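To start, the structure itself, in structure tokens.
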Amino acid sequence: MQRSGVPASITLAQGMLESRYGLSSLAADGNNHFGIKCHRNWKGKTMRVNDDAPNECFRVYGSAEESFRDHSDFLRYQDRYKPLFELKPTDYKGWAKGLKKAGYATDPKYAEKLIKIIEDYKLYQYDTGKTASGAATSTPVAVPESPLKIEEKAQVEVQNPVRRAQAKETYSFSLDRKVFKKNGILCVYAEHQDTYESIALEFNLFQKEILRFNDVKAMRPLRIGEVVYLKGKKRQAPFGLPMYVADDKPETLWEISQRFGVRMKYLLKWNPGLTEDYKPIEGDVIYLKKPVR
């Protein structure tokens, strides 16, 4: 909970429900307490179990702790679950209902089952802190900032941008367009009839520069609202966003690169074996910085 922000009561209740209190073959033989499947880029050990379909591939973990960590990361870095981290860390009922609404399980009574387990076993006590003597308090456990807020804070409008010089390069900024910083990188959002050529001309850039900054190989029309970087992207995403977990409507690698301001070169470096045309599928983990192995 302190690492990911997922309430301890929710993690415990889901683990109990998904693993039949640790008695399922996945939990007993594979330390997999949440039924997480292999997905395309899983490199660890696996086991086959009949689930929604015969002989499905599930992850095998070296310890229960690895399983719990993986489950928390799946919730924290998958877009469909990110709004849950805006809730109070002690709002286990909101979390249970939110998980069901986001599509975590097809069981119509999934939320009610989680809430019942939490209340039957008083798991909510683990969502609060303890005094030095070990007595429980009503103070919520300190949790990290929500991923949505981190991503939102990573983008700021540049107030009153003006012509300025840095080192030997000169940058000119239009006074008619809002300029932003995303992951600390100057950028704009495409408007009606914008092209890479027109934006390059507006900001005194060479056409080859703006293509390189945005990891594109040729000029093309821009969609309204599409981010266009005016400087090179970075090696990694903002602090607190170490990975992207694909949901049922995953973004392409290039879209992920643009969204988080990470150069494609480094996105491929942090995710060995992937190519620029790789299309993530639900459950794929895409690292946005050098992963800690």
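When you check Arg76 against the structure, is it out of contact with any Cys (no Cβ under 6 Å at 6 or more places or on another chain) and buried (at least 18 other Cβ atoms within 10 Å of the Cβ), yes or no? Against the criterion (out of contact with any Cys (no Cβ under 6 Å at 6 or more places or on another chain) and buried (at least 18 other Cβ atoms within 10 Å of the Cβ)), Arg76 qualifies. For Ile256, the conditions (1) part of a loop (DSSP other than H, G, I, E, B); (2) under 22 Å from Lys153 (Cα atoms) all hold with the exception of (1).
Once the stretch 275-286 is narrowed to residues that are crowded, with 19+ Cβ neighbours inside 10 Å and part of a loop (DSSP other than H, G, I, E, B), the residue that is farthest from the chain's Cα centre (by Cα) is Pro280.
The set of residues from the stretch 63-119 being basic (Lys, Arg), free of Cβ contacts under 8 Å to residues at least 12 places away in the same chain and in a loop (DSSP other than H, G, I, E, B) comprises just one member, Lys109. When Ala53 is tested against the conditions (1) of a type outside the set (Asp, Glu); (2) touching a residue at least 60 places away in the same chain (Cβ under 8 Å); (3) out of contact with any helix residue (DSSP H, G or I) (no Cβ under 9 Å at 6 or more places or on another chain), the lone failure is (2).
Just wondering, is there one or more residues in the stretch 226-247 that are charged (D, E, K, R) and without any contact (Cβ under 8 Å) to a residue 40 or more places away in the chain? Yes, the stretch 226-247 contains a residue that is charged (D, E, K, R) and without any contact (Cβ under 8 Å) to a residue 40 or more places away in the chain. Evaluation of Arg3 against the conditions (1) closer than 23 Å to Lys122 by Cα; (2) basic (Lys, Arg); (3) crowded, with 17+ Cβ neighbours inside 10 Å shows that the sole unmet condition is (3). Scanning the stretch 206-233 for residues that are within 18 Å of Glu152 (Cβ to Cβ) and either outside the structural domain of Lys279 (by TED's automatic domain parsing) or surrounded by fewer than 18 Cβ atoms within 10 Å (Cβ to Cβ) (or both) yields one hit, Gly225.
The values are calculated or read from the model by the stated rules, or taken from the named source; none is laboratory data. Please read these numbers as outputs of a predicted model, since none were measured by experiment. Don't worry about glycine lacking a Cβ; one is built from the backbone with ideal geometry, like all the others, and counts go over all protein chains shown.
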